[in-house]
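**Student:** A single structure is presented below for examination.
The values are calculated or read from the model by the stated rules, or taken from the named source; none is laboratory data. Every value quoted in this text rests on a predicted model; they were computed, and no experiment measured them. Because the Cβ atoms are built from the backbone with ideal geometry, glycine has one as well, and the counts that use them run over all protein chains shown.
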Amino acid sequence: MASMNTARDLFVITLEVPSSRPIAQGDVSLVLAGAELVDLRDAHVLRLDGDRIVPLRDHADGTNALTAQACAQLVTEPPYETVEQWLWRRGRGLAGSYADDLAARTADDARGGSLPRFLRRFALTRSQEPAVRPAHEATDRLVLDDSVLAAFAGTLGIGKAVPPDLTEPTEPTEPTEPTEPTEPTEPTDTTTTDQADDVGLILAVVSDALMELEAERQRRQIEQDAYDNVWRAP
């Protein structure tokens, strides 16, 4: 069953954890769309063929609304959609959808006044769903260095933008006596390597999209300033 734990926790973190710079809603939406791809990939809803998103099967039934929406928006016909195309299409207004979802799941907390005002407003106008992941678990994951979650948060200036470490920790072993060399064997499980490659690609595309969005904001600001100066001229 697919879930959006990375994306949901990331949204909570943008509300609770200070960032090194102001975070625009459009930036959050783009990064959430990238985090959704990781969640859906881990749930075997899709795979990446290069930068193309290839759906595998529909996991929307019986899952939450956000997962159902994301699954329904996957392009199911070749040549499929690129990660960049997904970010811009799925990311449109996505932060608002996650605000609605969080508010619905935490309506009781909202009535107690413990949520930000804009989330409380959402919560009080919607029926409550069972709370799937308490808000504090998201920040706990970041503090405990969930590397994938931390990497996505880092693209927004929260924490450090470091590549995710997807390798399994190993226990130190005692030195042993040298043995006769054996023939090298081919690796049989490339799951971890593939995941690292896919997450790295998604993060790279997210970072490029954020830079493109910021460049567009600056261009519009320059145009607006020029327009304002024309009207200010004597």
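**Student:** Return the residues of segment 10-41 that are part of a helix (DSSP H, G or I) and either in contact with a Lys or Arg (Cβ under 6 Å, 6 or more places away or on another chain) or polar (S, T, N, Q) (or both); say none if nothing qualifies. Write out each step before concluding.
**Tutor:** We begin by selecting, within segment 10-41, every residue part of a helix (DSSP H, G or I); these are 10-16, 25-41.
The answer is THR14, GLN25, SER29, ALA33.
Yes/no per residue for (1) more than 17 Å from ASP9 (Cα to Cα); (2) of a type in the set (A, V, I, L, M, F, W, C); (3) modelled with pLDDT of 95 or more:
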{"site": "TYR80", "(1), (2), (3)": "yes, no, yes"}
{"site": "VAL83", "(1), (2), (3)": "yes, yes, yes"}
{"site": "ALA110", "(1), (2), (3)": "yes, yes, no"}
{"site": "LEU115", "(1), (2), (3)": "no, yes, no"}
{"site": "THR125", "(1), (2), (3)": "yes, no, no"}
{"site": "PRO130", "(1), (2), (3)": "no, no, no"}
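**Student:** Let me spell it out: the conditions are (1) more than 20 Å from ALA204 (Cβ to Cβ); (2) surrounded by fewer than 18 Cβ atoms within 10 Å (Cβ to Cβ); (3) touching a Phe, Trp or Tyr at 6+ places or on another chain (Cβ under 8 Å); (4) not aromatic (Phe, Trp, Tyr), and LEU66 meets all of them except one. Which number is the exception?
**Tutor:** Condition not satisfied by LEU66: (2).
**Student:** Among (1) modelled with pLDDT under 75; (2) part of a helix (DSSP H, G or I); (3) exposed (fewer than 11 other Cβ atoms within 10 Å of the Cβ), which single condition is PRO234 missing?
**Tutor:** If we test PRO234 against (1) modelled with pLDDT under 75; (2) part of a helix (DSSP H, G or I); (3) exposed (fewer than 11 other Cβ atoms within 10 Å of the Cβ), just (2) comes out false.
**Student:** Can you find a residue that is modelled with pLDDT of 95 or more, out of contact with any Asp or Glu (no Cβ under 9 Å at 6 or more places or on another chain), surrounded by fewer than 20 Cβ atoms within 10 Å (Cβ to Cβ) and within 17 Å of LEU201 (Cα to Cα) anywhere in segment 22-44?
**Tutor:** Looking for residues that are modelled with pLDDT of 95 or more, out of contact with any Asp or Glu (no Cβ under 9 Å at 6 or more places or on another chain), surrounded by fewer than 20 Cβ atoms within 10 Å (Cβ to Cβ) and within 17 Å of LEU201 (Cα to Cα), one finds none in segment 22-44, hence no.
**Student:** Looking at the structure I just gave you, is LEU102 outside any strand (DSSP E or B) and at pLDDT below 95? Don't jump to the end; show me each part of the working.
**Tutor:** Numbers: outside any strand (DSSP E or B): yes; at pLDDT below 95: yes.
When the stated conditions are applied, LEU102 passes them.
**Student:** Which residue, of ARG220, ARG141, is in a helix (DSSP H, G or I), surrounded by 14 or more Cβ atoms within 10 Å (Cβ to Cβ) and modelled with pLDDT under 85? Give the derivation first.
**Tutor:** Numbers: ARG220 fails: surrounded by 14 or more Cβ atoms within 10 Å (Cβ to Cβ).
Matching residue, one of ARG220, ARG141: ARG141.
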